[in-house]
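The values are calculated or read from the model by the stated rules, or taken from the named source; none is laboratory data. Every value quoted in this text rests on a predicted model; they were computed, and no experiment measured them. Glycine also receives a Cβ, built like all others from the backbone with ideal geometry; neighbour counts cover every protein chain displayed. Side chains are part of the model used for accessible areas, which takes the heavy atoms of the whole protein and leaves out ligands, DNA and RNA. Shrake-Rupley method; radii C 1.70, N 1.55, O 1.52, S 1.80 Å.
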Amino acid sequence: MKPESGTSLTRRLALSISMLLIAGGALVSLAALAYGRQAAQTAFDRLLLGSARQIEASTSVLDGQVMADIPVSAFELLALAPEDRVVYRIVGHDGKTLTGYDSLVIPKENMAEVAYYDLEFGGEPIRVVALSHRFAERAFSGTIQVLVGHTLRARKALAQELVGSAILVVALVGVSMAGLAIFAVYSALRPLHRIERSFSSRDPRDLTPLDVAVPSELTPVVNAINRFMSRLGRQMETTNNLIADSAHQLRTPVAALRAQTELATEESDPAALAKALARIHARSRSLSRLTDQLLNRALVIHRNDSAVRTLVDVRTVAIETVDEFDIDSQGRSRELRLQLPEHAVWVRGDVLSLREACKNLVNNAFAHGQPPVTLSVFAEQGKVILAVEDRGKGMDPQTTSRAGERFLQSEETGRSGSGIGLAIVHEVTRAHEGSLRYSVDEVQGFKVSMVLPGENNASKD
């Protein structure tokens, strides 16, 4: 089934960054709009206040009457906005207009000494500043108010100019950030292209670890790929070994079995025919055992990489091995002894692989050693020992140093057997992070021990 194509990582990053930049630009634009309005408001309010102060300074009391000599300079700064209108009014203590426009009203609520407010004048909105000035003289005592108003066209134009400049800066910064972000995305994803090129350029059979310089964030990905390739390499090696072992080990016995069968079909003497059938039967049993060992070794190697490790009581492995042990015509099971401790001994591993290794140790002891055979389990200094002992003389030191290699016995020692059984034991022990121990004693015989890491044995009892 073809996997569905996911969204491009580059596209997702670009979309995320674009959304972030748009959101940030919108917020900055709103802030710039508020700032522009506030800045324009503040600037023109100060001009209004300055104009009102000049008018206030021009007022005086003469013979009990308030007089105002408004200077031209009071409106010069406001006149810099030629499209705007300037209005003013001076209100006496009795609420009557001393000079200016009567329609420039004063809010009814109490005002501070300096107050700003908005209203409409002549159908157009204006901004007004009102100043209160108190006279306390012999001829006159009271408070007058000076009002100066200004339309809002220049204010709005200044605010728009400020906002436009801010948005232009934001746009330029946004484009620059988008360019830098795109460059950063492509730079960050470049190691992925290096990984792709490394895979594309290598031979399909090359399963060596990937050696590509990547950022620390991609290191777990590369490590996972290398672990997968390592497992795949071991599986391929297992398959190749199975094919090679089958071709190496099965060709000769199959050919011999066929030849013996052909001879038996031509035999007319009943006694000779019985002997031929007995040889065919023995050859068939040997071939069946060899085939089982080849398949079991491939299965054990496969499970070393795929089986989930669980807590296993090694005593159970030994008991099941004895139960499954093949009873041959000579009743060898009577010569198999079992020695187990009273308390459980735990390891973390694969029970099927451990049982297969134990069976091969027992079979090897009966095939190459001398009965009786003893299968024992015990704990020793945090280790779990599964040992098989027989009364034979065992292997010589040179053969022991190479124990676990396939076909070692049949090719170098001259003894019957393929050596696959001990190779299975070696694979299982290595997969469980253990070791094999060989010992020879003139009285007790030859012992092979699987030494496995214990799993908190005392707490499991």
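For a test of understanding, tell me how many lysine pairs in the chain have Cα atoms under 18 Å apart, given they are 8 or more places apart or on different chains. Write down the numbers at each step before the final one.
Details: LYS96/LYS108; LYS359/LYS447; LYS383/LYS447; LYS383/LYS460; LYS393/LYS447.
Lysine pairs, 8 or more places apart or on different chains, close enough: 5.
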Identified option (computed semi-axes √(5λ) of the Cα gyration tensor in Å; candidates (1) 42, 26, 18; (2) 32, 26, 23; (3) 109, 27, 16): (3)
Expressed in square angstrom to the nearest 10, the accessible area of LEU189 with a 1.4 Å probe stands at 20 Å²
Cut-off 10 Å between beta-carbons: net charge of the residues surrounding ARG348, Lys and Arg +1, Asp and Glu -1: -2
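Over the chain, with the other protein chains present, what is the accessible area per residue in square angstrom, probe 1.4 angstrom?
60 Å²
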Exposure rule at most 10 other beta-carbon atoms within 10 Å, DSSP loop trypsin sites (Lys or Arg not before Pro): the chain longest free segment: 206-461
Any idea which of ASN226, HIS133, GLN145 is furthest toward the positive side of the dipole for segment 80-235, if Lys and Arg beta-carbons carry +1 and Asp and Glu beta-carbons -1? ASN226
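Starting from the residue with the highest accessible area, list ILE90, ILE243, ILE17 in decreasing order, probe 1.4 Å. Kindly include the intermediate steps, with their values, before the conclusion.
Details: ILE90 0, ILE243 110, ILE17 50 Å².
Per-residue accessible area, sorted high to low, gives ILE243, ILE17, ILE90.
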Specify the angular offset, from 0 to 90 degrees and rounded to the nearest 10, of the alpha carbon long axis of helix 314-324 from the longest principal axis of the alpha carbons in the chain. 40 degrees
List the GluC sites (Glu not before Pro) in segment 1-106 that DSSP assigns to loop (not H, G, I, E or B) and whose Cβ has at most 16 other Cβ atoms within 10 Å. Which are they? GLU4, GLU76, GLU83
Please report, in debye to the nearest 20, how large the charge dipole of segment 164-302 is about its Cα centre when each Lys and Arg carries +1 at its beta carbon and each Asp and Glu carries -1 there. 180 debye
With +1 at each Lys and Arg Cβ and -1 at each Asp and Glu Cβ, the charge dipole magnitude of the chain around its Cα centre, to the nearest 20 debye, comes out at 720 debye
Whole-Hz couplings from phi, Karplus 6.51/-1.76/1.60, listed for segment 37-52; x for Gly and Pro: 5, 5, 5, 5, 4, 5, 4, 6, 4, 5, 5, 4, 4, x, 5, 5
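Net charge around ILE126, counting only other residues with Cβ within less than 14 Å of its Cβ (Lys, Arg = +1; Asp, Glu = -1)? Could you put the intermediate results ahead of the total?
Numbers: positive: ARG85, ARG89, ARG127, ARG153, ARG155, LYS156; negative: ASP45, GLU83, ASP84, ASP118, GLU120, GLU124.
Overall, the nearby charge balance is 0.
With 17 Å as the cut-off, how large is the P(r) tail for segment 265-306, expressed as percent of Cα-Cα pairs? Kindly include the intermediate steps, with their values, before the conclusion.
Details: 452 of 861 pairs.
The calculated P(r) of segment 265-306 puts 52 percent of pairs beyond 17 Å.
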Roughly speaking, what is the stretch gain from ALA264 to HIS248, that is 0.36 nm per residue apart minus the C-alpha to C-alpha distance, in nm to one decimal? 3.2 nm
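Under the Kirkwood approximation applied to all pairs of distinct alpha-carbon atoms, what is the hydrodynamic radius of segment 54-201 in Å? Spell out each step's value before the answer.
Numbers: mean 1/r = 0.0498 Å⁻¹.
Every distinct Cα pair counted, the radius reaches 20.1 Å.
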Give me the percent of accessible area attributable to carbon and sulfur for segment 1-73, probe 1.4 angstrom. 62 percent
Can you give me the solvent accessible area of GLU380 with a 1.4 Å probe, rounded to the nearest 10 Å²? 80 Å²
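I want the local charge near GLY64. Using Cβ-Cβ distances under 14 Å, sum +1 for each Lys or Arg and -1 for each Asp or Glu among the other residues. Could the numbers behind the result be given before it?
On the way: positive: ARG138; negative: ASP63, ASP94, GLU137.
Neighbourhood net charge equals -2.
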Leaving out ligands, DNA and RNA, what percent of the accessible area of segment 90-139 is carbon and sulfur, probe 1.4 Å? 46 percent
